[in-house]
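So the structure is just underneath, and the comments pick up after that.
What follows draws every value from the coordinates through simple rules; no lab data is involved. Source: prediction; values computed, not measured. With ideal geometry, Cβ positions are generated from the backbone for all residues, glycine too; neighbour counts draw on all protein chains shown.
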Amino acid sequence: MSKIHVTTTVNGDTVEFLAESRDTLLDALRDQLGLTGTKEGCGTGDCGACSVLLDGVLVCSCLVLAAEVQDKQVETVEGLATGAELHPLQRKFIEHAALQCGFCTPGILVAAKALLAQNPDPTESEVRFWLAGNLCRCTGYDKIIRAVMDAGAEMRGAN
Amino acid sequence: MSIGKSLAHDSAALHVRGEARYTDDIPLPAGALHLAFGLSTCAHGDITAIDLDAVRAAPGVIGVYAQADWPEMPDCSPSAHDEPLLAVDQVHYLGQPVFLVAATSHLAARKAARLGRITYAERPALLTVDQALAANSRFEQGPVIWAKGDASTAIANAPFQLDGSFEVGGQEHFYLEGQVAAALPLEGGDMHVYSSTQHPTEIQHKVAHALHVPMHAVRVEVRRMGGGFGGKESQGNALAIACALVARATGRACKMRYDRDDDMMITGKRHDLKIRYRVGHDAEGRILGLEFTHLVRCGWAQDLSLPVADRAMLHSDNCYHLPHIRIESHRLKTNTQSATAYRGFGGPQGMIGIERVMDHVAHATARPQLEVRRVNFYASMDQAGAPQQSTPFHMPVEDFIGHELVAALETSADYRARRAEIAAWNATSPILKRGIALTPVKFGISFTLTFLNQAGALVHVYQDGSIHLNHGGTEMGQGLNQKVAQVAASVFGVPMEVVKITPTDTGKVPNTSATAASSGSDLNGMAVQAACETIRARMADFVAQKFSVDAKSVRFAGGQVKVAGEAFAFAQVAAWVYQGRVSLSSTGFYATPKITWDRVKGSGRPFLYFAYGAAVTEVVIDTLTGENRILRADLLHDTGTSLNPSLDIGQVEGAYVQGAGWLTTEELVWDEKGDLRTHAPSTYKIPSCSDRPRVFNVALWDKPNREATVGKSKAVGEPPFMLGISAFFALSDAVAACGDGSVYPALDAPATPERVLMAVQRQHDV
């Protein structure tokens, strides 16, 4: 079976790769592009560990075919920081101890970024229900919610 | 001093950038193979034919292995050598690995693994504890029975008797990172294994056994796991062994990771139990005599079931003095996944048994639940600090703080006033009903297999003053490495960044115990402290001699070494000591003192100490649907003098939510064929962000451990899991509010909306 040539933009960089027709975007990110920050938790779109932004829309990269991202903008956890400078969400997750094993953290950060982009001043309920698709087995979520609320406040202050 | 500071998890900066490497993220050499198991579709039967031609012909397949390929089938069991890597002649559960595929990609291996054609002559499958009990299918000869006093007579002579039984469901670990291992063949037949495991030494042992090489030929490395919760104590053995065998056969690096559905079908879960009880009590709810029967569903292989079932028995008292008690535990063998370690290791199951008895007795006596619990509490130490009472296994309770801790929580959570307010509110609310419960926790700390209570460490100080830290514990998110690094930095009086945390490695620290039983910081912290103190003493001796002072006057603090009125940089002193030809490297070792345990008699001191806690949970139920929410949770948990309050609070919060999930939403369903129908997050519901309690107040009971533990801290991994029991009894309370007080709610666990609805119906049927 011939492979499909895909050109796309990941975290602002133009990249090219060859994909099998059945490869998912998650496979391409991890195996072809070496971006292993995006994790596979279930492979069925239920846990959110593989969350990325596709043209600004939050998606599970395990449910997107690699061939679908031709000419699109993909954003992963690796694109959150600007060089040495962490995104406010990243800083607040460290400050609030909003992670333990860390496996769900990349997906949650990306999902939270999507939330704050469309709703810069979410209520606690809005945060809780927005992140309900991102499972975390370690933290009990309390610190995650606090970190997202705090990052939102800081980002509003900066604007 | 870095001990006691709320420092972030050591890998936090890597985690938020997606740069923390898990086993599946480690780059492997070109040509690495990917493995997948073909699974049994039959719960119990004889294998009559194995046709793997289609598997071999599938794209990308390099090798296919079944029982004929390995006449001496390697064993994966941590205990009884009863878990062949691949089924031999028979299958014992639906999901058991029957053959192994090696292919050029993960997907190719998985797709090929679906093409095997196995035929079976089916045998009757034992799926429930009742079936297994009837068939006398069990581990050990008969039930284990421990007794203290004369329960039968005490029950008969008591003013009141009651009995009951209920089901306590199992629990899938749902570590976000599934099981994964990789093996790299080295020269001379040696093997380097990366594994997501809580027990590197066990992986080393089992891989060496499978390869027929000494343990020195196998090196196992673990940097971190994406969650463990006990599910990676023994369940990673099969993947590591498979990788090592195929790596040896092909000379290529091999990796295996279970897809989530395979992970849930293959691996063991928390043991589910049926608990029966018979109680004699007085009018105040005081338990005068008690008999428990535990029917423990162990699954097809022994694994860790015996110590798990023991620990359930060891926690059948929780915080309550039970002078006349008999506990009978049946370890039943069934045709299901082999139940395994899970946070609490049987303790939660034992504890919910006695909490159920308290709830039931309170209902029967129409006394407030908290008062019934209180009249049964162990006595505090006497004025001389001596214990006044002992556990059902004859261990004096030397450190009981339940009275003070529960009183503090009762006040901080405003329990009494809220209880009254809820009763008044319920009287005006026909559809929604609220409930509240306060339950305590007393959890024993130490491995009950006494020899496991040991740990080693290896510490190097380099000539530039930087410190390399290694110990036998593994990092699964709990922050063990950071806590242990805080201990090392404190001993040397240096800033944290001087200390390098390194992957757990069987080549550095040998013969380690699993990072389990909440023991990680207790054991490894002490071993690291010992190693650091050895090196510090050598450094102090050296500079004392150099400056002609007493070594006792040398101080290590603030990144400096203070001697003879002068202060030198720690790095300067390290360089002097190196140039002075004195070793700057040391091992450290720790063996827990005081513990003795006679498992056969059920008597001794299996635990160095107990960790305590208590929780108040308030819930609301919808009586038309059974749906429910946790409105508020107040937790107060005993960590001794916390090594790191931020990490400890994280453990307490996460454990509570996981414990509440076990008893509310997490339901495992096997069909009549023994097929687990809940094998993905789409059907198995762990708590999500929207389930978090609406109000969540968490505090630490920060008083020093009376035992000489590292920094006077207490273990924290498992004990707060059982704070989640309060959510279950809050639901029971809400259900009781639907009736007239004549019918006990008698919820089974998990109390799913369906079960809550049925329990409400029983109240309405009166």
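Any chance you could run the full-extension gain for B:Ile26 through B:Ile431? It's 0.36 nm times the residue separation minus the Cα-Cα distance, nm to one decimal.
My answer for the length gained is 140.4 nm.
Calculate for chain B the 222 nm mean residue ellipticity that helices alone would give, adding -39,500 (n - 2.57) per DSSP H run of length 4 or more and normalising by residue count, nearest 500 deg cm²/dmol.
My calculation for chain B gives -9000 deg cm²/dmol from helical runs alone.
What Kirkwood hydrodynamic radius do you get for chain B when you take the inverse of the mean 1/r over all pairs of distinct Cα atoms, in Å?
27.4
Calculate one ³J(HN,Hα) per residue across the stretch B:11-17 by plugging θ = phi - 60° into the Karplus curve 6.51 cos²θ - 1.76 cosθ + 1.60, and present them in order as whole Hz with x for glycine and proline.
Those phi angles translate into 9, 3, 5, 6, 4, 6, 9 Hz.
Between beta-carbons, use under 10 Å as the cut-off and find the net charge around B:Ser446, counting Lys and Arg +1, Asp and Glu -1.
+1
Under Stokes-Einstein, with the Kirkwood radius over Cα pairs standing in for Rh, what whole-number D in µm²/s applies to the stretch B:610-689 at 4 °C and 1.567 mPa s?
Rounded to a whole number, D works out at 85 µm²/s.
Over all Cα pairs of the stretch B:75-197, how is the pair count split among 5 Å bins, expressed in % and running from 0 up to the last occupied bin?
Calculated over all Cα pairs of the stretch B:75-197, the distribution is 2, 6, 8, 12, 17, 14, 11, 8, 7, 5, 4, 3, 2, 1, 0 percent.
Restricting attention to the alpha-carbon atoms of the stretch A:4-79, what are Rg (one decimal) and Dmax (integer), both in Å?
In order Rg, Dmax, the Cα atoms of the stretch A:4-79 give 10.8, 29 Å.
Give me the one-decimal nm value for the distance between modelled label points at B:Met215 and A:Glu154, 7 Å along each residue's Cα-to-Cβ direction.
In this crude spin-label approximation the distance works out to 4.6 nm.
Using alpha-carbon pairs under 8 Å, 6+ residues apart, how would you state the relative contact order of the stretch B:719-766 in percent?
Reported relative contact order: 38 percent.
Taking only Cα atoms of the stretch A:88-155, what ratio of Rg to Rh do you get with Rh as the Kirkwood inverse-distance radius?
Value, to two decimals: 0.91.
How do A:Cys60, A:Cys136 line up, fewest other C-beta atoms within 10 Å first?
Result, fewest neighbours first: A:Cys60, A:Cys136.
What per residue convex hull volume, in Å³, comes out for the protein assembly as shown when only alpha-carbon positions are used?
Per residue, the Cα convex hull of the protein assembly as shown comes to 178 Å³.
In whole angstrom, note down how far apart the Cα centers of the stretch B:181-256 and the stretch B:25-44 are.
For the stretch B:181-256 versus the stretch B:25-44, the Cα centre distance is 13 Å.
On a C-alpha basis, how far is the centre of the stretch A:69-120 from the centre of the stretch B:512-575 in Å? Whole number, if you could?
40
Based on the Cβ-Cβ distance from B:Tyr462 to B:Arg706, what FRET efficiency comes out when R0 is 35 Å, to the nearest 0.05?
So, using R0 = 35 Å, E works out to roughly 0.40.
Can you tell me, using C-alpha contacts under 8 Å and at least 6 residues apart, the relative contact order of the stretch B:292-368 as a whole percent?
RCO, the stretch B:292-368: 44 percent.
Subtract the Cα-Cα distance of B:Asp190 and B:Ala156 from 0.36 nm times their separation in residues, and report this length gain in nm to one decimal.
Computed gain between B:Asp190 and B:Ala156 is 5.8 nm.
Under 8 Å for C-alpha pairs, at least 6 residues apart: give me the relative contact order for the stretch A:88-155, rounded to a whole percent.
Relative contact order comes out at 53 percent.
Please list the radius of gyration and Dmax for chain A, considering alpha-carbon atoms only, with Å as the unit.
Expressed in Å, the Cα Rg and Dmax of chain A come to 15.6, 53.
Given a Förster radius of 41 Å and the C-beta distance between B:Asn136 and B:Ser682 as r, what FRET efficiency does 1/(1 + (r/R0)^6) yield to the nearest 0.05?
Efficiency for this residue pair is about 0.60.
Using Cα atoms only, what is the angle between the long axis of helix A:105-118 and the major principal axis of chain A, expressed in degrees (0 to 90) to the nearest 10?
Orientation of helix A:105-118: about 80 degrees from the principal axis.
Extension gain B:Asp414-B:His764, at 0.36 nm per residue separation less the Cα-Cα distance, in nm?
122.9 nm
Based on alpha-carbon centroids, what's the gap between the stretch B:738-766 and the stretch B:631-663 in Å, whole number please?
The stretch B:738-766 and the stretch B:631-663 have Cα centres separated by 29 Å.
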